[in-house]
Structure formats: C-alpha cells, structure tokens
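What follows is a set of notes on a single structure, which appears directly below.
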Amino acid sequence: MILMDSYQSAKETLKNAVNIVDLIGQYVQLKKAGQNHIGLCPFHSEKDPSFTVSGAKQMFHCFGCKKGGDIFGFWMEYHKVSFPQALEDLAEKYHVPMPKGTFDPAEKKTKELKDVLLQINETAAGYFHDLLMSSKKGTPGRNYFEKRSIPKEIIMEFKLGYAPNAWDNLSGHFKGQDLAKAAEAGLIIPREKGRGYYDRFRGRVVFPIFNIKSQVIGFGARVLDHSLPKYLNSPETPIFQKGKTLYGLHSAVQKAREQQRLVIVEGYTDVLALRKHGFSEVVATLGTALTKDHIRLMKGYIKEALVVFDSDTAGRTATMKSLPLFLAEGLPAKVMILPDNDDPDTFVNKHGLAGFNALLDRAVPMFDFYLDFKVSKGGEMIENQIEILKDIIPILLSLENAAQQSFYIQRVAAKIGVAEAGIMRELRRWNDPRNEADKKRALRERLNSSQAIAGDDMPLLNLLIHHPAAIRDLVCFNCKILLSHPLVIEIFDQMVDLYKEKTSFSAADILEKMETKPAGQYLREAMLAPSIYSETMVEQALKEFEDRVLKKSLNDSIVKARQDGDLESLNRILKLKKVKGQPV
C-alpha cells in the first residue's frame, strides 16, 4: 500500500509539474487556437490539424483517430512504452523522485530487457570508440576517418569506433557477462557448431545509432575493403527498428526546430561531413527507403523536408517512391540533386558549406521533380502520357484535400499536355475500392461520434464537466432518466460514484478512470468543448433540467398507465400534470 501511495504521489507530482503543451510541443508542432493548441496528429496521417491539446485541462485528444489522454497517455503512445515505463521516463526527465519497487511482471521483464540491451550497446560503443581512439588495433579505422576528413571532435561527438578484423574481440570483451543478451542486442552471433559466439562486426568502422534521448540503440558498420556487404546494421531488436530511426536526429533536432527543416541524406559519412562544416539539421536513413514512420517522426519538428540523393538512377527511384508518403503525411518536401559522381560528403568537402547551401536553395518541389523525371522519359508521346497518368492517378486520389488535388491536377495537365477535364474524368473512372471503404468508414465515424449524441445528453454532460458541483442537485432530481446515449450514461454513473466517494471532484478525475474505455473518447471531446453555461446560468440550468425530469417522469407514467389500462392512475397523473403546469 505504501508503494502504491508513493507511485500515486510521484504521478500527481508529475501532473502538477509538467505542462502538457510544453511536453507535447517537443514532439508536435502546435499552434494556439483559442484556449487550446492544435497540430497535426503524430499517430495517424492527416493534412488538416485535428490534434488538440488543452493546457487548462492538461489533456490531449485527436478528433481524427480518437487517441487522447494526459501526459502519461501521450508518452506511452508516442514512445510505445507501458505506463510504469512512462512514469519512470517522465520522472527522470523532470527530476521527480520515484519509489523503488516492482512493476507488473510482464512490464518489468520488458523494461529490464530494454535496459540491459541499452547498457550492452553503451558498453560496446565505448569499446569500439576506445579501440579507435587509443589502440594500435584501431589504426585502420583512424586512417579511414582521416582519409574522409572526419575530425576528432566529430569522432568524439558521434562516438565513432572501430571493430578489429577478428572473430572474438567483442565477445571476449563481454566475457563473464550475459553473452545471450549481447546476442539478443545483435552484437555477437551464436556459432552453428559447438558452443560460443563470434562478433557480428569485424574489420569495420562503427557508427553508433542513437535514439532521440541520445541512447545507443544499434550500430551501423562499414568495411574498409571491397568485401560485401559494404554496410552492415544491427538486426531488429526490442530497442532498434530501422524503419523508425534516423541517424543523427538526436543531434539535429534543436537546429531543425529553429530552421523548421531537415535535410535527409543517404549515408552516415554524409551526415558527419555536413556536421563538420557547421550544417546541423541533417539526418540519414539506415540503408532503407524512407518510411511513413520516418516522415511522421520528422513532421513533429519541422515544416519542410529536403531530400538529397545522388544523381544515379537508384537515387532518383528512391526519391520518387517517397513522394506518396510525403503527400499522405502532409509534409512539404523538396529534392536536391547533386552533380554526377558526387555525394553530400564529397560535394561539401570540395565546394564548402556555401556551395552546398547554394545548391540547397535551388531544390525543387518533389512533385515537380517527379513529373519532370516522368516527362523526360518520353516527352509528350501519347504512350508516355498514358504511363504518367497510370502512375500519378493513384497519388492524386490519395490527396484528401480538394484544393491540393486541384492544384496538382493543373500541374500535371500543364506538364504532359493533357486537358484538366480529361484528368478529372480519369480520376472519376479510376477503380479505387478504397474510396468506397473510406466513405463508409467516415460515415460510421460520424454516426458514432459525439456529434451523434442528441437530446439532453451533451448539455447535461457539459454542465457536469464545467460545473461539477451541480452533480448533487442532478442526482437529487434523478436526471439520469434524461440520458439516452450509453457512453454518456457510463460517464454519468462514474461521476455519481466518485461524488459519493469524495464529494468534490473534477472531470479530469473521471477521465483518469476511463482513459482506455470508449467512453473516455466522448469525455475528452466534451471536456474540450467550451462551457454552455456561465456561473450565473447554472441555477437556471438546474431548474430547467428538473422540469424536464418531471415532464419525462409524468409522460412515462402516462404511457405505462395506458399500456396497463389503468384509467384511475391515468386520470390522477393527468390531473397532476395540469397542476404542475404541464400541457396535457
């Protein structure tokens, strides 16, 4: 009991200490909108902001995907962690003492595994780094970084390292520790025959990969000769997923927020070369194509992405594949193409930061780049026009914003020499079953949304949220009989239970009990709505609700008396209704 009280105390201290707008604002771009803040939801694709944060109520809610909650709910959803882990993370971030104790057994096991993997990675990163910096074994790595003009300060900032060309250097370094856990971290590999392990990274320079909290979650490594694979990454682990991670983001995020942009390059050394020249807002993918998770991660910090790819065919193809993702996530993107035989590393070392920035200033919108590339393949021949439309119509259909779609239709028409009306006809004819599914889903959402709550439900709920002291009178009047929506009834019942338990309460107290329930969605949306009743109107509102209860009670009694054929009761109720001034 003492432990639970201590956790509750830490939780309440955090809720009082942390401003939810400031916390979420570190991950989502928020704008003031009346009493609230709004932004693009980090949990689903949208182009118009439906993600709302209330500083006054210390809660967030997305009217699109319906996710919402308090500071802990956001942290859990954004970082994909359990409540105990969120509590611990936030306590560490905001320097709130946490009690020592045990979590739920499953959660404890997951947390302990992640902590162990992070510690193992940190140990390995230190080992590789020390070898590079001060051991004779690290000479090949030092020679490589010297050849690439990577200075010592960058090597130290990014904790670069070297893995000697031997089978058991790292596994020997871990001797006496839990080698099975080191294997789970992807650093060593079990031998197929016999007992023991061998090193995954051998004869390679090593690039530790950090998460946004500057913790080492994985590694990338490059060979120093012509053997394959040229690059080797850590495998997927509970703390490392390539499709959700960007190299260098931990060190780029502050400048990215200031500049409201991120430059995306292909390789680790591209990031390091630009950092060396003083360009900070740069990240790289980890040998994978850009994913929606990458873009969703970035759009919390920036308003524009600039994609820098080599001029070869592979670079152009990768760029074009990312266009639908940027459009779907509503993040504007431009493309910068480097001269032949150059990558960001070689280019910035030859032409300096001024030359790189000049090329960056000439970056073109990704949609234009896509069209130019398609047109360049076949001019305005009818076959090429058909091929372009076949490729681009699904992209146009994915644009939910009508104005944006119209704008791009004009661009396509002008580029390929096809009338806008013809493109519009093709859009209407295109057999996209998703359209019908989307319409049905949208209709279902509208019918199930809080907007579908009618009658006295929403006014009564609004009164209780903004004037919770009214619960006493509403319970006395038996106002529950006015409610019809099952989720509103569930909220009302919770409020009554809490009122009986502690007399004084707030809507936030109720939300805490209903956070994961469907009714929690309705409660959050109702909490974000402004008060219908001012303080001076509360008494009058209570009187009106009392009258409605009386009217409904009498009407229900009349219906029952008629159904039972009880004329005596019916006449008595009709007389009572007349005395009360109710129309008969």
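Which count do you get for residues in the range 72-87 that are farther than 24 Å from Lys303 by Cα, part of a helix (DSSP H, G or I) and either hydrophobic (A, V, I, L, M, F, W, C) or modelled with pLDDT of 85 or more (or both)?
6
Restricting attention to the range 11-66, and to residues there that are charged (D, E, K, R), modelled with pLDDT under 90 and part of a helix (DSSP H, G or I), which single residue is nearest to the chain's Cα centre (by Cα)?
Among those residues, the one meeting the criterion is Lys15.
Scan the range 168-214 for residues that are under 15 Å from His129 (Cβ atoms) and in contact with a His (Cβ under 9 Å, 6 or more places away or on another chain) and jot them down.
Selection gives Val206, Pro208, Phe210, Ser214.
Are there any helices (runs of 4 or more DSSP H) wholly within the range 129-202 with 2 or more residues that are aliphatic (A, V, I, L, M), at pLDDT 95 or above and within 29 Å of His277 (Cβ to Cβ), and if so which?
Because the criterion is at least 2 residues that are aliphatic (A, V, I, L, M), at pLDDT 95 or above and within 29 Å of His277 (Cβ to Cβ), the helices (runs of 4 or more DSSP H) in the range 129-202 that meet it are 152-157.
Here are the criteria: (1) surrounded by fewer than 18 Cβ atoms within 10 Å (Cβ to Cβ); (2) within 26 Å of Leu327 (Cα to Cα). Tell me which single one Lys299 does not satisfy.
So Lys299 meets the others, but not (1).
In the set Thr536, Thr503, which member is at pLDDT below 80 and within 25 Å of Ala56 (Cβ to Cβ)?
Of Thr536, Thr503, the one residue that is at pLDDT below 80 and within 25 Å of Ala56 (Cβ to Cβ) is Thr503.
Do any strands (runs of 3 or more DSSP E) lying entirely in the range 217-292 carry at least 2 residues that are over 25 Å from Pro332 (Cβ atoms) and in contact with a strand residue (DSSP E or B) (Cβ under 8 Å, 6 or more places away or on another chain), and which ones are they? Please lay out each step first, then the result.
Values: elements: 231-233, 261-265, 282-284.
Of the strands (runs of 3 or more DSSP E) lying wholly inside the range 217-292, those with at least 2 residues that are over 25 Å from Pro332 (Cβ atoms) and in contact with a strand residue (DSSP E or B) (Cβ under 8 Å, 6 or more places away or on another chain) span 231-233.
Quick one: in the range 574-584, which of the residues that are in a helix (DSSP H, G or I) and of a type outside the set (A, V, I, L, M, F, W, C) is modelled with the highest pLDDT?
Lys575
Matching residues to (1) modelled with pLDDT of 85 or more; (2) in a strand (DSSP E or B); (3) within 30 Å of Gly300 (Cβ to Cβ):
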position	(1), (2), (3)
Leu331	yes, no, yes
Asp345	yes, no, yes
Gly355	yes, no, no
Leu360	yes, no, yes
Glu380	no, no, no
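Residues being part of a helix (DSSP H, G or I) and either of a type in the set (Gly, Ala, Ser) or under 13 Å from Glu426 (Cα atoms) (or both): count how many of those fall in the range 396-406.
Residues meeting the conditions: 5.
Going by what's in this entry, would Val206 be described as touching a residue at least 12 places away in the same chain (Cβ under 8 Å), aliphatic (A, V, I, L, M) and under 25 Å from Phe326 (Cβ atoms)?
It is false that Val206 is touching a residue at least 12 places away in the same chain (Cβ under 8 Å), aliphatic (A, V, I, L, M) and under 25 Å from Phe326 (Cβ atoms).
The values are calculated or read from the model by the stated rules, or taken from the named source; none is laboratory data. Remember, it's a predicted structure, so these values are computed and weren't measured experimentally. Backbone-built Cβ (ideal geometry, glycine too); neighbour counts: all protein chains shown.
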